[in-house]
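*Asks:* Take a look at this one; I'll ask things after.
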Amino acid sequence: MTEANSVGDLEKLRANIELAVLGKSDVIKLVVAALLAGEHILLEDVPGVGKTLIAKALARSIDGRFTRLQFTPDLLPSDITGSSIYNSSSGEFTFNPGPIFANVVLADEINRAPPRTQSALLEAMGEGQVSADGETHGLPQPLLVIATQNPFEFEGTYLLPESQLDRFLLRITVGYPDRDQELKLLNSHRVGEPVDTLQPVISLERIGQLQRVVRSVEFHETLVNYLLDVVHATRESDAVQVGVSTRGAIAYYRAAQALATVENRDHVIPDDIKRLAIPVLAHRIVPRGMLPGADRSASEETVRQLLGNLTVPT
């Protein structure tokens, strides 16, 4: 690593989160990678598998502010970004920051809010700021938005279009724990919520330093070309109607650097590119003939097949 103790800091961070989130080390790695890349995550899974727990555990571990937004059809953009309130004593309007002003923001069931409200969140994510009454307000850094949606319940929802899905670095699932891990989880809840006892193990300032470390991770030209082979395969395949955008290619590149950092390496390896192909690319393509709201497993299988047709550099 290019900065001292990067390895120890990240190992402590992951280990601390795993005190509350059992049996999900791969998911935790990807969440930490998104944080280090300065990007955001879409968790697509059924209720009750630990999505909120992951967000809380991460926020506590980095000594950051955590907020949770329950998206509903009547949620307004100002409910996310904040609004100006008239102060009768001063005769002026004062900006009242909304819940997006935090370090870890859980946007629960994002697809239950109308597109205008979704866009307000995604704009804040992309720009790192919000505007109100002609003034711009910078958001706290680091900022990680973890949005969730239920992949099986679409009644009364507003689908996220591909242009908005493209704003998320990763789309991942948490999944059910295995029986042994679930037994440990039940035992750990005998005296309360383990996440409530977590103590910070790394500072927000240190996270900012590690985000800069990510940018310096070596990415050999051969592997850059391999990454572009994967991206261009999605654009050239007859099985794909809409391929990965240039923004998606940049996200893929940055995610590989971030994963290498999380795994204590100062260079990207081919396995990083292979491992990230589905979580980074599957939500950025539209397979030919796929209907809106259809099961995304078709996208994942398409990426898997395209990846299998390419030669991995050695």
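*Asks:* Can you tell me how many residues in segment 240-255 are of a type in the set (Gly, Ala, Ser) and closer than 22 Å to His267 by Cα? Break it down stepwise before answering.
*Replies:* Going through segment 240-255, the residues of a type in the set (Gly, Ala, Ser) turn out to be 243, 245, 248-249, 251, 255.
Adding the requirement that they be closer than 22 Å to His267 by Cα leaves 248-249, 251, 255.
Total satisfying the criteria: 4.
*Asks:* Out of curiosity, is Val240 touching a residue at least 24 places away in the same chain (Cβ under 8 Å), crowded, with 17+ Cβ neighbours inside 10 Å, more than 22 Å from Thr302 (Cα to Cα) and among the β-branched types (Val, Ile, Thr)? Spell out how you get there, then give the answer.
*Replies:* Details: touching a residue at least 24 places away in the same chain (Cβ under 8 Å): yes; crowded, with 17+ Cβ neighbours inside 10 Å: yes; more than 22 Å from Thr302 (Cα to Cα): no; among the β-branched types (Val, Ile, Thr): yes.
So Val240 does not fit the description; no.
*Asks:* Which one of the conditions (1) surrounded by 14 or more Cβ atoms within 10 Å (Cβ to Cβ); (2) closer than 23 Å to Val105 by Cα does Ser188 fail to meet, given that it meets all the rest?
*Replies:* All conditions are met except number (2).
*Asks:* Which condition breaks for Ser299 when tested against (1) polar (S, T, N, Q); (2) in a loop (DSSP other than H, G, I, E, B); (3) free of Cβ contacts under 8 Å to residues at least 60 places away in the same chain?
*Replies:* (2)
*Asks:* I need the full set of residues from segment 208-238 which are in contact with a Gly (Cβ under 9 Å, 6 or more places away or on another chain) and farther than 13 Å from Leu36 by Cβ, in order please.
*Replies:* Of segment 208-238, the ones in contact with a Gly (Cβ under 9 Å, 6 or more places away or on another chain) are 211, 214, 231-237.
Across segment 208-238, the qualifying residues are Val231, His232, Ala233, Thr234, Arg235, Glu236, Ser237.
*Asks:* Please pick out the residue among Tyr176, Tyr226 that is at pLDDT 85 or above, of a type in the set (Phe, Trp, Tyr), in contact with a Ser or Thr (Cβ under 9 Å, 6 or more places away or on another chain) and closer than 30 Å to Arg296 by Cβ.
*Replies:* None of the others qualify; the one that does is Tyr226.
*Asks:* Just wondering, is there one or more residues in segment 19-38 that are of a type in the set (Asp, Glu), at pLDDT 90 or above and surrounded by 15 or more Cβ atoms within 10 Å (Cβ to Cβ)?
*Replies:* Step one: filter segment 19-38 for residues of a type in the set (Asp, Glu), giving 26.
Of the ones still in play, those that are also at pLDDT 90 or above are 26.
Retained after the next criterion (residues that are surrounded by 15 or more Cβ atoms within 10 Å (Cβ to Cβ)): none.
Looking for residues that are of a type in the set (Asp, Glu), at pLDDT 90 or above and surrounded by 15 or more Cβ atoms within 10 Å (Cβ to Cβ), one finds none in segment 19-38, hence no.
The values are calculated or read from the model by the stated rules, or taken from the named source; none is laboratory data. Just so it is clear, the structure is predicted and the values come from calculations on it, not from any experiment. Counting neighbours? That spans all protein chains shown, and the Cβs are built from the backbone with ideal geometry, glycine included.
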